[in-house]
Amino acid sequence: SRQLTLASRPHGAPTDENFALKTLELPPLKNGEVLLRTIYLSLDPYMRGRMSDAKSYADPVNVGDVMVGATVCQVQESKNDSFSEGEWVLAYTGWQDYAISNGEGLMQLGKEPANPSYALGIMGMPGFTAYMGLLDIGAPKAGETVVVAAATGPVGATVGQIAKIKGCRVVGVAGGSEKCKHAVEVLGFDACIDHKADNFAQQLEQACDNGIDVYYENVGGKVFDAVLPLLNTSARVPVCGLVSQYNATSLPEGPDRLGMLMGQILSKRIKMQGFIIFDDYGHRYDEFATAMQQWLQDGKIQYREHMVEGIENTITAFNDMISGKNFGKTVVKINSP
Ligand code: NDP
């Protein structure tokens, strides 16, 4: 089998030198084990944190170990009575093309799932994150204005569409005109602003003429700088991610805005709350899955994937996602079904 291991810890954006592509012989299966053939590997922003040894909510990947990640696999061989050959599972086998599992933690997806890769996106962790962060922390009410960045990614696109279902006015923020067009025309957002535009802050203000009631925070940085003065009294800010700073090697330039931020939180009674999806909401996955399945079936949620082929393209695909060259949920097709 082939696997990508962490060879050294990246400083800034990860490079090829930070990983090693290794080929190894898998041992024969023992009783109770299954051989999993990776079909789809999910690439997600949190993986940048796992490459680093800075203290975080989860342990880092050790240098020399296989990079972690959610996968959708097919059972190639089974010595476990609960699994049969050919069936699909959601696993957490990481950046490798085959893996041996004792069956623990695998979620069975059936023999012929309609869209197996959806388990990594709209029906999986990113969709669940959008749903809980928006509804439980953001608590949007009909008529309110919701702003979300990374608006065409799996989290942002889902946040905006659920907010539309709840009757909100939705303003997306995305990188480039093609993504903004998609957010409005396909995802049904009321507006979408290109954060690369020179007058981005001004355009955002114009699009939010009643201020912002819910800002779903995915990116931080200059997008948050533009959002903060627009937040209304009693605004809610679910803090989901800060992707603009994941590769940062120093503090941002410019004046210290912390005092201003605290002042705004106080005078406008703003609620900001971070969350880690499975730690905080794991027990509510079924509620999410039932709602999302229905919305997909009713055509109320659109979902787009950014599919890359081949394990050797994983590192490039990861960097493309962090820097916004992806267009939709990033998935690497590792093997053909
Ligand atoms: P995406 O596929 O949307 O990829 C990240 C996107 O961020 C890029 O495509 C890019 O989109 C945007 N981006 C990157 N840099 C900047 C920047 N400087 N300014 C503005 N936008 C930028 O990712 P996901 O949907 O998978 O994840 C979205 C967020 O949710 C991430 O922060 C992630 O860490 C977080 N998350 C948190 C979880 C939790 O439990 N708290 C669980 C899952 C995800 P564009 O081209 O449009 O700018």
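The values are calculated or read from the model by the stated rules, or taken from the named source; none is laboratory data. As the structure is a computational prediction, the values presented were derived from the model and not from experiment. We place every Cβ from the backbone using ideal geometry, glycine too, and count neighbours over all the protein chains shown.
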Review point. From the residues in region 195-235 that are acidic (Asp, Glu) and within 12 Å of the ligand (Cβ to nearest atom), which one is farthest from Val155 (Cα to Cα)?
Key: Asp225
Exercise for review: Might you let me know whether region 168-181 holds any residue that is more than 23 Å from Arg284 (Cβ to Cβ), without any contact (Cβ under 8 Å) to a residue 40 or more places away in the chain, of a type in the set (D, E, K, R) and more than 8 Å from the ligand (Cβ to nearest atom)?
Suggested key: yes
Check your understanding: From Val155, Val184, which residue is at negative phi, assigned to a helix (DSSP H, G or I) and under 20 Å from the mean Cα position of the chain (by Cα)?
Key -> Val155
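For (1) closer than 20 Å to Cys168 by Cα; (2) in contact (Cβ under 8 Å) with a residue 40 or more places away in the chain; (3) polar (S, T, N, Q); (4) not assigned by TED's automatic domain parsing to the domain that holds Ala149, each residue gets a yes or a no:
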{"position": "Thr233", "(1), (2), (3), (4)": "yes, no, yes, no"}
{"position": "Val239", "(1), (2), (3), (4)": "yes, no, no, no"}
{"position": "Gly263", "(1), (2), (3), (4)": "no, no, no, no"}
{"position": "Arg284", "(1), (2), (3), (4)": "no, yes, no, yes"}
{"position": "Gln293", "(1), (2), (3), (4)": "no, yes, yes, yes"}
Practice item. Taking Phe288 as the residue in question, decide whether it is in contact with a helix residue (DSSP H, G or I) (Cβ under 8 Å, 6 or more places away or on another chain) and within 12 Å of the ligand (Cβ to nearest atom). Key: no
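Residue by residue, here is whether (1) modelled with pLDDT of 95 or more; (2) closer than 26 Å to Ala139 by Cβ; (3) of a type outside the set (Gly, Ala, Ser) holds:
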site	(1), (2), (3)
Gly176	yes, no, no
Cys180	yes, no, yes
Asn199	yes, no, yes
Asn218	yes, yes, yes
Ser234	yes, yes, no
Met260	no, yes, yes
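Residue-by-condition table, conditions (1) within 14 Å of the ligand (Cβ to nearest atom); (2) under 12 Å from the mean Cα position of the chain (by Cα); (3) β-branched (Val, Ile, Thr):
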site: Glu104; (1), (2), (3): no, no, no
site: Gln108; (1), (2), (3): no, no, no
site: Asn115; (1), (2), (3): no, no, no
site: Met125; (1), (2), (3): yes, yes, no
site: Phe128; (1), (2), (3): yes, yes, no
site: Gly138; (1), (2), (3): yes, no, no
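Check every one of the strands (runs of 3 or more DSSP E) wholly within region 200-279 and list those with 1 or more residues that are of a type in the set (Lys, Arg) and in contact with a helix residue (DSSP H, G or I) (Cβ under 7 Å, 6 or more places away or on another chain). Outline the logic, then answer.
Details: elements: 212-216, 231-239, 271-274.
Strands (runs of 3 or more DSSP E) meeting the threshold: 231-239.
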